[in-house]
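Here's the structure we're looking at; comments come further down.
The values are calculated or read from the model by the stated rules, or taken from the named source; none is laboratory data. These numbers were taken from a predicted model, which means no experiment stands behind them. Positions of Cβ are backbone-derived with ideal geometry, glycine not excepted, and every protein chain shown enters the neighbour counts. Accessible surface is based on the protein model in full, side chains and every heavy atom, while ligands, DNA and RNA are left aside. Shrake-Rupley method; radii C 1.70, N 1.55, O 1.52, S 1.80 Å.
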Amino acid sequence: MSTVPDSPFSPEEIASEGIKPDEYNEIVDRLGRHPNKAELGMFGVMWSEHCCYKNSRPLLSQFPTTGDRVLVGPGENAGVVDFGDGIRLAFKIESHNHPSAIEPFQGAATGVGGILRDIFTMGARPIAALNSLRFGHLEDARNRRIFQGVVDGIATYGNCFGVPTVGGEVYFDPAYSGNPLVNAMAIGLMETDEIVKSGASGIGNPVIYVGSTTGRDGMGGASFASAELTDDSMDDRPAVQVGDPFLEKCLVEACLEAFKTGAVVAAQDMGAAGLTCSTSEMAANGGVGIELDLDKIPSRETGMVPYEYLLSESQERMLFVGAKGREQELIDIFENWGLQAVVAGRVVEEPVVRILWHGEVAANIPASALTSNTPLYKREVMVEPPEYAQTAWAWSVDSLPDASATGITIADQTQTWSDVLLTLLDTPSLASKRWVYRQYDHQVQNNTVLVPGGGDAAVIRLRSVLGGAESETQRGCAATVDCNSRYVYLDPHEGAKYVVAEAARNLSCVGAEPVAVTDNLNFGSPEKPIGYWQLASACAGLSEACTAFNTPVTGGNVSLYNETLDSTGKPTPIYPTPVVGMVGLVEDVAKVVGQAFQSEGDVIYLLGAKQVPTLGASEYLATIHGTIAGKPPRVDYDAELAVQAACRTGIRSGWVRSAHDCAEGGLAVAIAESCIAGGIGASVDVANVASGDRVDALLFGETGARIVVSVARSNVATWEAFLTENLGENWCELGTVHGSQLIIENHDTVVIDADLTTIADRFNTAIERRL
């Protein structure tokens, strides 16, 4: 469809705002006229995928979003759940992928700053941060630069702000070489009696701008985040924001103080699309209009025009609707913290966003046209899986060389199973991430119970402060972020189900009851049939699994167009990566366990011993055989729920002393990781573990619903009676915690004999050796 005749803009100008010709025609229909330059920019950012979810919204509607503990679901700045004892938790995850590809330090730093603002905008104090990161292989110098810059940005912002970075995941794969993923999650404790919402109300109420000044940094960042990365993307550095964590620390204190006065009617963070997004969303959510005078906006640069004010994504800024007559009370609070605070507009009855500049109307748009009444694309899903998937599914384990009791020969090179284990532990995606998390302050605020590397999920002590008094509670919050993107690539529906199952399993391994989910959907272009098939299939899988685990989705983020265009215009998409951030309730923080084996003589068990592992989609197949093929494990909901419940009960009863789920790398890697974490060896026999008749599948095959636990010998009889009653035969004893070697036998044949010092060194230094 061609553009409406007599448009004041060329097709190139319209396309530069990320607007398609038929979308421009829709803009004209909604306005009844052609837009001006400022209005065109406003539509460009608000109709981007990053802001309006025009390709994903129909798919997101299937997610379960309500539950007994859900207080605020999707649609606000963050979800809020009830943790009992008067404790309410706000949490959310968001992406900053494209900015981090162009300017790794600031891209990652402002990603942290943005997610923290989402939390305290609700009236919650940030108490923890997590992140999910993806990069290309570290052998490439550009990938190393991006990796180091991103970690530095996350560390700098979080450490300076004073929030502990308590957990996360880091993966390395060529699929992310041109397009890294930086997903930041934050958790906060509500400090206000009322949850602060974003809907404006009260005709005539003042609209108050607070925080930092407005400049030209971050111009059009939302549109930039909704397009493929190209060789010219380095020219888009102005679309990357610049953060100030010390200013944001003042902003959180001022906001929480202001909220407690009762003089704030509504609040909205200025994130993507800046003033345009905050004014339109506050107006639309409240069913009213907002009139804003740009001459009142504190600016840090001279000569700015409405287009620049409205599209700037300068950081550390908020927009409030205040109670009429109490403006000065709020302004005084922010000025006391050294921050800007000005009355810049008012709430009006007509449901529009009206922007004034130099005494004239610079923009006048119905609020709904920028928010709910946007283009919506319900695309057709491929009837048959794409060719790449069908080819991968045709792979058979029979194509692998024979696996003997002692090892395997690949391309005339014989490797023992101990060699294979060392190779897997040296793989950066599996290896220790201590090089990363040692740069994060994970103990600030003094509430971190389980630190990074200590267990399958982070655990934070909850100290609710309401009405000035600290509540007495032993409760804690466990949190994890998870996604095996190779699984999702090979089977989006089944892989997405596994993401939720693994997140719930990780929480269960520290003794936490899974409560709710925030998700970050990182995918390629939805305009391509394969991209949309991946997105639609994964959303269906997430929805099914969240329902099965009773973990409703309270919000999240969609990041599409994660593709790199080379100089010829050929796109390379990332693996589909639906990251799940899950929070769980710990009833007593004194009763949590980590993954480390504890004491000589403790007995090791495998819960889920009858779950048959697969080599398809496994880390072993990818790393040792260089093959990305097969189908990922199928999720067995009954087994997952039973195994996870048994693990939680064992921890809360004081029987289980350590717990670690079997994930990438299979059973041998899981046992090795528990040995390394505890600094103690183990002697086990895997003869009673389901194997699928291959030694490599027995040792390194992957499946769900499996957890390695250790139990003090004095509790063995009670524990085994409990397992028999609750898991039937789906468990087995493996061996004992013992010595300084990891010895794994299979029917009395030693298949792995590894020195603990050697495997620990290989595991702990894998990343830093590559830097």
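Classified by the C-alpha gyration tensor, segment 376-477 has an oblate form. Its axis ratio a/c, with a ≥ b ≥ c, is 1.5 or above, and a/b does not exceed b/c. What does the C-alpha gyration tensor say about the overall shape of segment 166-206? Classify as rounded when a/c is under 1.5, otherwise prolate if a/b is larger than b/c, or oblate. Judged from the Cα gyration tensor, segment 166-206 comes out oblate (a/c at least 1.5, b/c at or above a/b). Can you work out the FRET efficiency for the pair Asn25 and Ser368, with r the C-beta to C-beta distance and R0 = 22 Å, to the nearest 0.05? After rounding, the FRET efficiency stands at 0.80. When the alpha carbon gyration tensor of segment 598-737 is reduced to an equivalent ellipsoid, the three semi-axes, largest first, read 25, 17, 12 Å. What FRET efficiency would be calculated for the residue pair Val361, Lys570, taking the C-beta separation as r and a Förster radius of 41 Å, to the nearest 0.05? Computed FRET efficiency for Val361 and Lys570: 0.35.
What net charge is computed for the residues neighbouring Tyr157, neighbours being all others with C-beta under 12 Å from the C-beta of Tyr157, Lys and Arg scored +1, Asp and Glu -1? Before the final figure, lay out the partial values.
Values: positive: Arg117, Lys249; negative: Asp152, Asp244, Glu248, Glu316, Asp441.
Residues close to Tyr157 contribute a combined charge of -3.
Angle of helix 492-508 to the longest C-alpha principal axis of the chain, folded into 0 to 90 degrees and rounded to 10: 80°.
Express in % the proportion of alpha carbon pairs of segment 1-106 at distances exceeding 19 Å. Result: 61 percent of Cα pairs exceed 19 Å.
Select from segment 1-64 those trypsin sites (Lys or Arg not before Pro) which occupy a DSSP coil region and have at most 12 other Cβ atoms within 10 Å, ordered by residue number. Kindly include the intermediate steps, with their values, before the conclusion.
On the way: sites: Arg30, Arg33, Lys37, Lys54; in loops: Arg33, Lys54.
For trypsin sites (Lys or Arg not before Pro) across segment 1-64 that sit outside H, G, I, E and B with at most 12 neighbouring Cβ atoms in 10 Å, the list reads Arg33.
With Cα atoms defining each centre, segment 733-760 and segment 537-567 are spaced 39 Å apart in the structure.
Ordering Ser404, Ser674 by accessible area with a probe of 1.4 Å, largest first, what comes out?
Ser404, Ser674
A simple spin-label model places pseudo-atoms 7 Å from Cα toward Cβ; at Asp402 and Thr547 they are separated by 4.8 nm.
Ordered from highest to lowest accessible area with the whole protein assembly present and a 1.4 Å probe, Arg346, Arg652 read as Arg346, Arg652.
The label point for Gln328 and the one for Thr414, both projected 7 Å from the Cα toward the Cβ, are 9.0 nm apart. Between helix 666-678 and the chain there is an angle of about 80 degrees, using the helix long axis and the longest principal axis of the Cα atoms. Counting only protein heavy atoms and a 1.4 Å probe, the chain has 34 square angstrom of accessible area per residue. Against the chain, whose longest principal axis is taken from its Cα atoms, helix 274-286 shows a tilt of about 90°.
At the residue level, Ile14 shows approximately 0 square angstrom of accessible surface with a 1.4 angstrom probe and all protein chains present.
Of interest is the spacing of the C-alpha centroids, which for segment 174-220 and segment 492-534 amounts to 24 Å. Within the full protein context, the accessible area of Leu356 is estimated at about 40 Å² for a probe radius of 1.4 Å. Taking label points 7 Å from Cα along the Cα-to-Cβ direction, Glu350 and Asn336 give a separation of 3.9 nm.
All Cα-Cα distances of the chain, cut into 10 Å bins from zero to the largest, leave 3, 14, 24, 25, 17, 10, 5, 1, 0 percent in each bin in turn. For Arg125, what charge total do you get from the other residues with a beta carbon under 12 Å from its beta carbon, if Lys and Arg give +1 and Asp and Glu give -1? Once all neighbours under 12 Å are counted, the net charge is +1. At the residue level, Trp731 shows approximately 50 square angstrom of accessible surface with a 1.4 angstrom probe and all protein chains present. At what distance in angstrom do the alpha carbon centres of segment 67-88 and segment 103-138 lie from each other? Here the answer is 20 Å between Cα centres. For segment 542-631, the alpha carbon convex hull comes to 243 Å³ per residue, rounded to a whole number.
According to the Cα-based calculation, Rg over Rh for segment 510-591 is 1.15, with Rh computed by the Kirkwood formula.
Ordering His98, His137, His34 by accessible surface, largest first, gives His137, His34, His98; the 1.4 Å probe counts only protein heavy atoms, with every chain in place.
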